[in-house]
Amino acid sequence: MEDFIKLDLPKLTNNEINISVQNKQVPIRIESSYELSPIIKNISEENSTVESRENLSM
Amino acid sequence: LNLEKIYQCDIFENIEVIESLDINGSKLDIKKIIFPYVICLNQSCDLENDFNADPDKNKNSKLLHLAVAPVFLFEKFLIGQHWGDIFDNGTPINRGKTDGKSIINNEVPRYHYLKFPDSDMPELIIDFKHFFSINRNFLYNNISKRHCSMDDLFRENISQRFSNYISRIGLPEHFI
């Protein structure tokens, strides 16, 4: 009885994943920061509702 | 084996888990952890019903999240460095001494040691204590990261040991 079945899988393409594949010895924590667009910034600052999000996107 | 379906004890590699999303002023800060390996611990029947559920008729069978546990390289585990920079190093374990042998023989409820016949598969160890959930659709969208599936007998062994571990009852050390 085989105790596991290995699958043929496509190659990974994502750059970030490729980095982790090279170092896949231990879990890695990644911290990243993104600049919010003005519309989302307004929503986050005003704690807006869904209704106001619709208004902003119009 | 249906390659489109997730099975109990499937092992996935390079799985990203979002730790936090914080908005600070005009910036969105994201922390995530990439796990080298995780193993799916859901029951086979739940995964089967979820996969086969008709979304219009059988909503109670769908799963929102799947239970997974981290799987570590055993060599890193032995030297206590299996969590990388995320946690402090653990106490080294000698595989030839009693504590190491107990883990390899799967006599320690918290851990499950895995050794594969393929020479390209390293020795692995599951740490049931750190199980967590991951979005069902996210894992299905990343099904190409599945590294392997287990045969039935090995699945059931892992599943039974996991259920025994999480159903344990901790008693106080000193009785009154």
- [ ] Mind checking B:81-87 for the average number of partner chain beta-carbons within 10 Å of each residue's beta-carbon?
- [x] 3
- [ ] Of the listed pairs B:Lys76/B:Lys115; B:Lys32/B:Lys76; B:Lys32/B:Lys115; B:Lys59/B:Lys145, which have alpha-carbon separations greater than 18 Å here?
- [x] B:Lys32/B:Lys76; B:Lys32/B:Lys115; B:Lys59/B:Lys145
- [ ] Among B:Gln43, B:Gln81, B:Gln160, determine the one that fluctuates most according to a GNM of chain B built with springs between C-alpha atoms less than 10 Å apart.
- [x] B:Gln160
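Taking beta carbons within 10 Å but only from partner chains, what does the mean come to for residues B:1-12?
1
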Task: Peptide B:32-40 - average C-beta neighbours from other chains (10 Å radius) - done: 4
- [ ] On a 0 to 90° scale, report how tilted helix B:152-166 is relative to the longest principal axis of chain B, with both axes built from alpha carbons and the result rounded to the nearest 10.
- [x] 70
TODO: With springs only between Cα atoms under 10 Å apart, run a GNM on chain B and tell me which of B:Lys62, B:Lys32, B:Lys145 wobbles the most.
DONE: B:Lys32
TODO: Could you tell me whether the stretch B:11-74 comes out rounded, prolate or oblate from its Cα gyration tensor? Rule is a ≥ b ≥ c as square roots of the eigenvalues, rounded for a/c under 1.5, then prolate if a/b exceeds b/c, otherwise oblate.
DONE: oblate
Task: In the B-A interface, the accessible area buried, summed over both sides, Å² (probe 1.4 Å) - done: 3500
Task: Part-to-part distance (alpha-carbon centres) for the stretch B:1-26 and the stretch B:83-123, which is given in Å - done: 24
Task: Pair B:Leu21, B:Asn58: separation of 7 Å Cα→Cβ label points (nm) - done: 3.1
- [ ] Provide the net charge surrounding B:Gln81, with neighbours chosen by a C-beta distance below 12 Å and charges set as Lys +1, Arg +1, Asp -1, Glu -1.
- [x] -2
- [ ] Counting only heavy atoms of the protein chains, get the accessible area per residue of the stretch B:40-141 (1.4 Å probe) and round it to a whole Å² value.
- [x] 56
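The values are calculated or read from the model by the stated rules, or taken from the named source; none is laboratory data. These numbers come from a predicted model, not from an experiment. Here Cβ is always computed from backbone atoms with ideal geometry, including for glycine, and neighbour counts include all displayed protein chains. With ligands, DNA and RNA removed, areas are computed over all heavy atoms of the protein, side chains included. Shrake-Rupley method; radii C 1.70, N 1.55, O 1.52, S 1.80 Å.
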